[in-house]
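Here's the structure we're looking at; comments come further down.
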Amino acid sequence: MENDKKIIELVKGVVEELVKNNIESLPLEDDTETMDLREELDYYPGVMTLPPEEAYYQLDDIIYIYKQTVPHFRLGKNNLKKVFPKLLYMVDFDLYYDNERSDLTLQCNVYEDKHGEWFIKVSNIHVM
């Protein structure tokens, strides 16, 4: 349950930035482009609104959290395997438009860095 709270707080921060139309400030995955996200959002009709607070806690209905169990590695100096931010969770969250749950879904990944800090990166926004 503690992990769920951490994830919810991270997702809330991203959703708030989206509602404010601050797409440029979002932490993005390396292969995600701001322009692609903006394009997807521009195609969707209506006005994005903040979801009700309870939407974040309906984990089986609105927010889907997939536990990632495989650590990610990269080759570092001297070809030593070094752990870099570990993917912990993949999260899907249905966005709200005109105060209604939409079929436009935010997809994010939650990572843990080498200091144990959690952070989130947006990977996609699309219709599910």
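Key figures
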quantity	calculated
Selection count, segment 86-110, where residues are more than 22 Å from Tyr44 (Cα to Cα) and open to solvent by less than 30 Å² (accessible area, probe 1.4 Å)	5
Residue that is modelled with the highest pLDDT [pool: residues in segment 8-40 that are in a loop (DSSP other than H, G, I, E, B), open to solvent by 60 Å² or more (accessible area, probe 1.4 Å) and within 25 Å of Leu88 (Cβ to Cβ)]	Glu33
Strands (runs of 3 or more DSSP E) contained in segment 41-128 and holding at least 1 residues at pLDDT 65 or above and not acidic (Asp, Glu)	63-67, 86-97, 100-112, 118-127
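The values are calculated or read from the model by the stated rules, or taken from the named source; none is laboratory data. Only a predicted model underlies this, so the values are computations on that prediction, with no experimental measurement involved. Cβ sites come from the backbone with ideal geometry, for glycine too, and all protein chains shown count toward neighbours. Note: areas computed on protein heavy atoms with side chains; ligands, DNA, RNA excluded. Shrake-Rupley method; radii C 1.70, N 1.55, O 1.52, S 1.80 Å.
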